[in-house]
Amino acid sequence: MNVFDRYAPFIQDYIYRSGWQALRGVQNAAGEAIFGTDDHVLLCASTASGKTEAAFFPILTLLDEDPPKSVGALYIAPLKALINDQFGRLSEVCEEAAIPVTRWHGDAPQGPKRKLLKKPAGVLQITPESLESLLVNKSMEIPSLFCDLRFLVIDELHSFLRGDRGLQTFCLIERLCRLAGCDPRRIGLSATLGDPKAAGRLLACGSRRRTRIPRFDGGKEVWRLSMEHFYNTPPQAGEGKPDVLSAPMAETPTDTPPKAADPGIGYIFAHTRGKKCLIFTNSREECEAVCQSLRQYCEANHEPDRFLIHHGNLSASYRESAEEEMKDDDSRLSVCATATLELGIDIGKLERAFQIDAPFTVSGFLQRMGRTGRRGNPSEMWFVMREDHPEPRAMLPERIPWYFIQGIALIQLYLEERFVEPPREGRLPYSLLYHQTMSTLASGGEMTPAALASRVLTLSCFSRISKEDYRVLLRHLLETDHLSRTENGGLILGLSGERVVNNYKFYAVFQENIEYSVHCGSEELGTIVKPPPVGEKIAIAGRVWAVDEVDHKRREVFCTLVKGKIPAYFGDVAGDIHTRILERMYGVLQEEAQYPYLMPHAVYRLSDARETFREAGMETRPLVHLGGNLWALFPWLGSYAFLALERFLKRRCKERLGLRGLNSARPYYLQFAMDVGEQAFYEITAEEAGKAFDPMELLYPNEVPVFEKYDEYVPPELVRKGFAFGVLDIDGMKRRVRGWAQARQTQRIPGEQNGGLSDGQKADDV
């Protein structure tokens, strides 16, 4: 099939006007799959490969040839910023064919929404939360809006595969199709999928179609990587020692930071002047701190401010101004950002990205790396790893630069194995079950228990939840007034349930803090958590403000701009880290390999870390004696297996080990005191891991581990069950523990890929 010839004339004209010389591999493959089959399609291609056009050019062609009687294509994206970006691109393509494109999210204008409700047509762009709101508040409009829906496009599919938000999205898709009586083809787009086949199965869940994953030549990835290490105070690693010949040549700085500048932040300052860069951080707090410092350096040097900021707590105007600035090819400003600029947004000709410390996932690293390298340029990322000098008498675990080693492991996993985190499966999402139950009742009105169960329990993501568990949930909701019975025996929302559902935050299933909007005069700056008293200072939008007034009833803070530097707080929490990353961290410390992207300080710091690793005997044993009865355990397990291990030691092994004072730095190490020796530790833990025990035994008496947003409304017994069977990776933990004693005989710790027990192997394989 000649895909270009199959495109509608207005698509061909757009391609000519854009100066394209030929279609890319992903565009040809997508065209053949969408035009030539009736299957769902999953497009896995690198960032900036043209996936959006690859999906929409055939879709728009088919909608133009046979105009639907309703919205023809629904585009779901995880971020409003991504929708805004794609809106401009799609509108330009669709203008000639008179196919309307409508944005539907909290910051989008109301006029086009009202127009769409009156005359459904074209392409609708929406976030999962706005789709939830649409199903709840416009349920009667759903049939007319989507009765002839042909295509459903899910952008950045990988972001929907590891948590409740993704499961919510697939629930919404199934519910919409049932209400509207439509059966659209699903098109998934992603640059970072660890297991495309598993992702394809999830994409197709609840439908009658299979998923086709086209193969094509994606071209060669060209990267420019560097990683430098900085202590926050002098001296730096390797200072005064000979330069490392194997390290990449340092680029000549374009600016000089003030003398008192933080070494790592000063390094970024020195290499961003006259360039357009992104500076990624792992939290909103750190983003604010970094932006404050960089702006202070500009002020100290009597230079114009050349730094912007972008994160989820900023007002829409602040975020959009940063996005527009990045799209300007002539701009030479840099933006400090969190994951809000990690996904799919076209930010023009970006010269490089900086990453402060290591991201939590390979997927996150690849997404951030992919922000650069567009429009024919290589992708370029500079890692800046920072830490304090260890105290002179610091214990062993504190002398290992964990984030630094993690950054190397992320890179090596992808370079060596093309590893990306797979979808997270096998969960018991009771929190989401509550949410979808309440949403379904709010949308459809009174239902019998049987009718409600047929609507909710039949959704694909609840396939592991029994009817008995659902009865337990419904009885609890009746007792707590979240549901109420009518005279006819039907179920409706109770008073407590109405208060939950009628709050605008109901539509999101991810955890949110109680936030206060921050204002300076008539300008809204964004939101913060836990505002300080009047007279104190807050940090937001990369600057410091004095609090003039706090209105707790309306949750508003009024302030004025002042000088200074203080930490910010938005309630960010770390993400989960996969076991393969921890295993590769062990490999980084164990092997002698040098990595060509390490800069001089980083080379010396890695050498120091490896020496500490070897001297402590960590290469051949996971348990290290720290002196007296104090020990450190390095299990090399990911977040959920590590959490299971903590509980296993406390609940199953405490008495036999004489365990006390257990402290953890998840997921890197545990420290504790115990009464037995090393060999007895391996024998006891292996024996206990070999026993069959109920996962519920790893919970404490009367413990209700609230883990997801709506767990507080779920019966305690279901919360406990969901945590034990759906959160804790007990199987992964058991494999590792059983392997320790045997690994001691071969002088190798299980976990490292070459010779060790990987996350997916059986214990017998050791």
Yes/no for Ser664 being of a type in the set (S, T, N, Q) and in a helix (DSSP H, G or I): no
Options Glu592, Glu556; residue that is in contact with an Asp or Glu (Cβ under 9 Å, 6 or more places away or on another chain), of a type outside the set (Val, Ile, Thr) and modelled with pLDDT of 90 or more: Glu556
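If you scan the range 413-458, which residues turn out to be assigned to a loop (DSSP other than H, G, I, E, B), aliphatic (A, V, I, L, M) and within 23 Å of the chain's Cα centre (by Cα)?
Val420, Leu428
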Qualifying positions in the range 266-286 - free of Cβ contacts under 8 Å to residues at least 60 places away in the same chain and of a type outside the set (D, E, K, R): Gly266, Phe269, Ala270, Gly274
Residue in the range 629-641 that is free of Cβ contacts under 8 Å to residues at least 24 places away in the same chain and exposed (fewer than 15 other Cβ atoms within 10 Å of the Cβ) present: no
Selection status of Ile268, hydrophobic (A, V, I, L, M, F, W, C), part of a helix (DSSP H, G or I) and touching a Phe, Trp or Tyr at 6+ places or on another chain (Cβ under 9 Å): yes
Residue in the range 595-604 that is hydroxyl-bearing (Ser, Thr, Tyr) and under 30 Å from Glu425 (Cα atoms) present: no
Residue match in the range 68-86 (condition: over 19 Å from Arg175 (Cα atoms) and at pLDDT 95 or above): yes
The range 286-320: number of residues that are at pLDDT 85 or above and either assigned to a helix (DSSP H, G or I) or surrounded by fewer than 16 Cβ atoms within 10 Å (Cβ to Cβ) (or both): 20
Odd one out for Ala680, checked against (1) in contact (Cβ under 8 Å) with a residue 24 or more places away in the chain; (2) within 30 Å of Ala394 (Cβ to Cβ); (3) not in a loop (DSSP other than H, G, I, E, B): (1)
Residues (surrounded by fewer than 21 Cβ atoms within 10 Å (Cβ to Cβ), touching a helix residue (DSSP H, G or I) at 6+ places or on another chain (Cβ under 8 Å) and aliphatic (A, V, I, L, M)) located in the range 466-490: Val472, Leu474
Enumeration of residues in the range 626-647 that are part of a loop (DSSP other than H, G, I, E, B) and closer than 24 Å to Gly722 by Cα: Leu637, Gly638
Spans of strands (runs of 3 or more DSSP E) in the range 465-531 with at least 3 residues closer than 20 Å to His552 by Cα and in contact (Cβ under 8 Å) with a residue 40 or more places away in the chain: 515-520, 523-529
Set Phe648, Phe681: member being more than 19 Å from Ile730 (Cβ to Cβ), surrounded by 19 or more Cβ atoms within 10 Å (Cβ to Cβ) and in contact with a Leu (Cβ under 8 Å, 6 or more places away or on another chain): Phe681
Residue in the range 325-335 that is touching a Ser or Thr at 6+ places or on another chain (Cβ under 9 Å), farther than 26 Å from Ala409 by Cα, in a loop (DSSP other than H, G, I, E, B) and small (Gly, Ala, Ser) present: no
Residue match in the range 277-286 (condition: within 18 Å of Glu325 (Cβ to Cβ), of a type in the set (D, E, K, R) and under 28 Å from the mean Cα position of the chain (by Cα)): no
Which listed residue is in a helix (DSSP H, G or I), over 26 Å from the mean Cα position of the chain (by Cα), aliphatic (A, V, I, L, M) and at pLDDT below 95, from Ile34, Ile15, Ile59: Ile15
Selection within the range 185-208 - farther than 17 Å from Pro128 by Cα and at pLDDT 95 or above: Arg185
Top-ranked residue in the range 522-546 [being more than 26 Å from Tyr297 (Cα to Cα) and of a type in the set (A, V, I, L, M); ranked as nearest to the chain's Cα centre (by Cα)]: Val529
When residues of the range 684-710 are limited to those that are of a type in the set (Ser, Thr, Tyr) and either modelled with pLDDT of 95 or more or within 28 Å of the chain's Cα centre (by Cα) (or both), the one farthest from Gly732 (Cα to Cα): Tyr710
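The values are calculated or read from the model by the stated rules, or taken from the named source; none is laboratory data. Note that the coordinates shown come from a computational prediction; the quantities given were computed from them, not determined experimentally. Positions of Cβ are backbone-derived with ideal geometry, glycine not excepted, and every protein chain shown enters the neighbour counts.
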